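Q: What follows is a structure written as structure tokens; I'll ask about it next.
The values are calculated or read from the model by the stated rules, or taken from the named source; none is laboratory data. Quantities reported herein were computed from a predicted structural model and do not represent experimental measurements. Every residue, glycine among them, receives a Cβ derived from its backbone with ideal geometry; neighbour counts consider all protein chains shown.
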Amino acid sequence: MPIERIHHVAYRCRDARQTVEWYREHLGMEFVLAIAEDQVPSTKAPDPYMHVFLDAGGGNILAFFELPNSPPMGRDPNTPEWVQHIALKVGSVDELAATQARLEAAGIPVVGITDHTLFKSIYFFDPNGHRVELAADVATPEMNARLDAVKWAMLEEWSRTRRAPRHAAWMHEKEFDGATG
């Protein structure tokens, strides 16, 4: 059974309306659906919620739940803040820079532009405290081929040692020339 695409990814939000308006205003995402229930369909638990869906492009949906009867939102204190994030692809580095300027002009602090060799990205937080990354691909076919050739060896070495394998160290070394490394 092949997976066709992500149907939706769901996160919690503090305020459904504020979340929809923020993603529309700052990221241009269209509001596509709202579902509200007094009972959870899968568990039958009596727990009212608002479930909102936003168009993340390419048939992908980013969704949020507002849960008024649950304790305040939190995050896993054992996971670094930079790990859990929502990463969305944009069309170019120019678009990334323009979005960064717009966000900063709106008073939203932005980290980046960060160069990951294969893509460049910016990071910021939505009104719910979720870290959002916007990424613009810059990888060449040669870069992708080099990484594809070592992915299994890297995973195997990591599984044995729990230390970063050096197979793709070229990504963060200045001597990489984009073709031969």
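Q: Here are the criteria: (1) of a type in the set (Ser, Thr, Tyr); (2) surrounded by 14 or more Cβ atoms within 10 Å (Cβ to Cβ); (3) closer than 30 Å to residue 137 by Cβ. Tell me which single one residue 49 does not satisfy.
A: (3)
Q: Tell me which residues, restricted to the range 69-81, are under 17 Å from residue 129 (Cα atoms) and either touching a helix residue (DSSP H, G or I) at 6+ places or on another chain (Cβ under 9 Å) or exposed (fewer than 10 other Cβ atoms within 10 Å of the Cβ) (or both).
A: Within the range 69-81, 71, 72, 74, 76, 77, 78, 79, 80 meet the criteria.
Q: If you go through the range 101-109 one residue at a time, do you hit one that is in a strand (DSSP E or B), free of Cβ contacts under 8 Å to residues at least 24 places away in the same chain and under 25 Å from residue 9 (Cα atoms)?
A: Looking for residues that are in a strand (DSSP E or B), free of Cβ contacts under 8 Å to residues at least 24 places away in the same chain and under 25 Å from residue 9 (Cα atoms), one finds none in the range 101-109, hence no.
Q: Kindly indicate which of 30, 66 is at pLDDT 95 or above, more than 27 Å from residue 114 (Cβ to Cβ) and buried (at least 16 other Cβ atoms within 10 Å of the Cβ).
A: 66
Q: Quick one: residue 128 ticks every box in (1) in a loop (DSSP other than H, G, I, E, B); (2) over 30 Å from residue 19 (Cα atoms) except a single one, so which number is it?
A: It is condition (2) that residue 128 fails.
Q: Looking at (1) without any contact (Cβ under 8 Å) to a residue 40 or more places away in the chain; (2) surrounded by 12 or more Cβ atoms within 10 Å (Cβ to Cβ), find the lone condition where residue 117 falls short.
A: (1)
Q: Is it the case, given these coordinates, that residue 139 is surrounded by fewer than 16 Cβ atoms within 10 Å (Cβ to Cβ) and more than 15 Å from the chain's Cα centre (by Cα)?
A: Judged against the criteria, residue 139 is not a match.
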